[in-house]
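Presented below is the structure to which this report refers.
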Amino acid sequence: MASRGRIRQRFFNGEFQSHSANDLFHRFRREFIRGACLLAATVALAQSGVRPHAGAARVQEGHLSSNLLRELNSSIQAVVAKTSAAVVQVTVAGYGPEEEHGHSSRTRIVRQHAIGSGIIVDPDGYILTNAHVIEGAQRIRVILPPQPVDSPLELQPIGAGQILEAKLIGQHKDSDIALLKVEAKNLPSLPLRANVPVHQGELVFAIGSPEGLQDSVTMGVVSAVTRQVDPNDPMVYIQSDAAVNPGNSGGPLIDVDGNIVGMNTMMLSTAGGSEGLGFAIPAAIVDFDYQRLRKYGRVEHVTIGVSAQDITPTLAAGLGLATSWGAILSDVAPDGPAGAAGLKSEDIVLTVDDRPIRGLPDFVAAFYLHSPSEVLSIEVLRGVTRISFSVPVFVQHDKVSKLTDVPIEQQTLISRLGVLVTDLGESVSPLLHVERSESGVVVIGETAGPNAATSGLSVGDVIRAVNRTPLESVSQLRAILHNIKPGDPVALQVDRNGKLQYLAFEME
């Protein structure tokens, strides 16, 4: 890729003659800083009684080049015009669980409608969106933005845009990405690139349909390049302060050169609206999933049978580690490739495939980039000794989505944990990565309620023990929780994707 400051001659298969917005932005910033420095010097000279020179006087009079501002404005408009043409609105009709369950012992299934956004990534009708946008869909439609009169798209306009039926090619719930297909040709598209650099503080734009308002654009900066929102979820995001609201999900986050740097997927908010805390799936992950969803209809997990987590100063002090940062192996499957190669729990990961590992986000990214056909190289620190291993990988398939097929009569609501569960039996075990034991309780759904604890449980988790008491059945779980008082500590031993970990919280 050309450097960000360089003038781009071509833009999405069309001529783009003016300077790039990024180039103009940096020129404006340099001019502004220069002007600010001259203004400060002018003020200082005036206070000292010295007459300012002519250049400073012009800045003092507000003589900052308006032509440069107009060029910057025009360039941003050109970038948005080119990219927004490939952003669609996604409408979904289907059935799903009612959001408010109260004290009901069963989940009520209701008719639902959802609106999100999507990115046309191929002129032949391939569209990416979030998996949560199309969850429970029985019918998916995409609404194209209005096209120019001379557009080669051979469709009759309906209202403000064209409405097309879409079919689901595949989805990956872990990364929250889904691929749709519509029957159309010559659609405007945004190409995906896995190697677009992202920098903290750079200018970005979010395009989508917030609250159903199609073709809306907001502007902000990148707040953080790799943000792990949930400590129990290794997924990492690009954080920005570009305003995103419900309906932006699945739309692109673009840079000033028109490159997709991420897919907007969620926000953090206490009031329900944008508070400048928006999160996008990095373009490298979006591209990885797109290639596999288009080719196989699914995304396969490359793993070696380990679980890792971030090292904190407290964890380092408690275990007597040689470093207080990085990623540590918290679990190694005894019969997995890593265990057979010699890796052990408490090994500190230094590199994976020669990529430095500074924390869990780097660890996750390294596995995303690793080819299923190659042996993985990993270097760890054991005590004070550096050790290298070559480990064959294996592929995991996403089976958690099939848990929604568990019959309703086998589902039990555990309101104090805010989850729907079922016994781990012969009908459920094949849907999970169960390697250690056939006893436990499986989480098959998450609910809402006034008494639900913030447990951190997720769909697909197998609860093995509560406060060191092994679990055999749902009835046993309910009996144990009945004797736990509000405010009491709870430690759940959970098997998540074949790896053990603890979830600790205070009972509500």
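If a residue has to be of a type in the set (Gly, Ala, Ser) and either under 26 Å from the mean Cα position of the chain (by Cα) or at pLDDT below 90 (or both) to count, how many in the stretch 378-411 make the cut? Going through the stretch 378-411 one residue at a time, the tally reaches 1.
Screening VAL221, VAL182, VAL198, VAL204 for residues that are surrounded by fewer than 18 Cβ atoms within 10 Å (Cβ to Cβ) and of a type outside the set (Gly, Ala, Ser) leaves exactly one candidate, VAL221. Tell me, please, whether a residue that is over 23 Å from the mean Cα position of the chain (by Cα), touching a residue at least 40 places away in the same chain (Cβ under 8 Å) and farther than 16 Å from SER388 by Cα can be found in the stretch 310-328. Scanning the stretch 310-328, I find at least one residue that is over 23 Å from the mean Cα position of the chain (by Cα), touching a residue at least 40 places away in the same chain (Cβ under 8 Å) and farther than 16 Å from SER388 by Cα, so the answer is yes. When you check GLN162 against the structure, is it more than 26 Å from ASP233 (Cα to Cα) and not assigned by TED's automatic domain parsing to the domain that holds ASN130, yes or no? No.
Among the residues making up the stretch 459-483, those that are hydrophobic (A, V, I, L, M, F, W, C) and touching a residue at least 60 places away in the same chain (Cβ under 8 Å) are VAL474, LEU477, LEU481. Test ILE285 against the stated conditions and say whether it is in contact (Cβ under 8 Å) with a residue 24 or more places away in the chain, out of contact with any Lys or Arg (no Cβ under 8 Å at 6 or more places or on another chain) and not assigned by TED's automatic domain parsing to the domain that holds VAL380. Taking the combined requirement at face value, the residue satisfies it. In the stretch 476-500, of all residues being assigned to a strand (DSSP E or B) and of a type outside the set (Lys, Arg), the one that is nearest to ALA333 (Cα to Cα) corresponds to LEU500. Hey, can you tell me all the residues within the stretch 332-347 that are farther than 17 Å from LEU376 by Cβ and modelled with pLDDT of 90 or more? Passing the criteria: SER345, GLU346. Of the residues examined, GLY326 is one that is at positive phi and either touching a Lys or Arg at 6+ places or on another chain (Cβ under 7 Å) or crowded, with 20+ Cβ neighbours inside 10 Å (or both).
Assigned to a loop (DSSP other than H, G, I, E, B), farther than 22 Å from ASN259 by Cβ and either among the aromatic types (Phe, Trp, Tyr) or at pLDDT 90 or above (or both), is that true of VAL133? Spelling it out, VAL133 is indeed assigned to a loop (DSSP other than H, G, I, E, B), farther than 22 Å from ASN259 by Cβ and either among the aromatic types (Phe, Trp, Tyr) or at pLDDT 90 or above (or both). Please verify whether PRO450 is at negative phi, out of contact with any helix residue (DSSP H, G or I) (no Cβ under 8 Å at 6 or more places or on another chain) and at pLDDT below 75, treating the condition exactly as stated. Yes. For the stretch 252-266, what are the residues that are assigned to a strand (DSSP E or B) and buried (at least 22 other Cβ atoms within 10 Å of the Cβ)? Within the stretch 252-266, PRO252, LEU253, ILE254, ASP255, ILE260, VAL261, GLY262, MET263, ASN264, THR265 qualify. Report yes if ASP215 is touching a His at 6+ places or on another chain (Cβ under 7 Å) and either modelled with pLDDT of 85 or more or not assigned by TED's automatic domain parsing to the domain that holds VAL79 (or both), otherwise no. Answer is no for this residue. Residues of the stretch 477-496 that are buried (at least 16 other Cβ atoms within 10 Å of the Cβ) and among the polar types (S, T, N, Q): GLN493 alone. Checked against (1) in a strand (DSSP E or B); (2) out of contact with any strand residue (DSSP E or B) (no Cβ under 8 Å at 6 or more places or on another chain), VAL204 passes all but condition (2).
For TYR126, the conditions (1) under 19 Å from the mean Cα position of the chain (by Cα); (2) at pLDDT 95 or above are fulfilled apart from (1).
The values are calculated or read from the model by the stated rules, or taken from the named source; none is laboratory data. Here the structure is a predicted model, which means the values were calculated and not measured. Cβ coordinates were reconstructed from backbone atoms using ideal geometry, including for glycine residues, and neighbour counts include every protein chain displayed.
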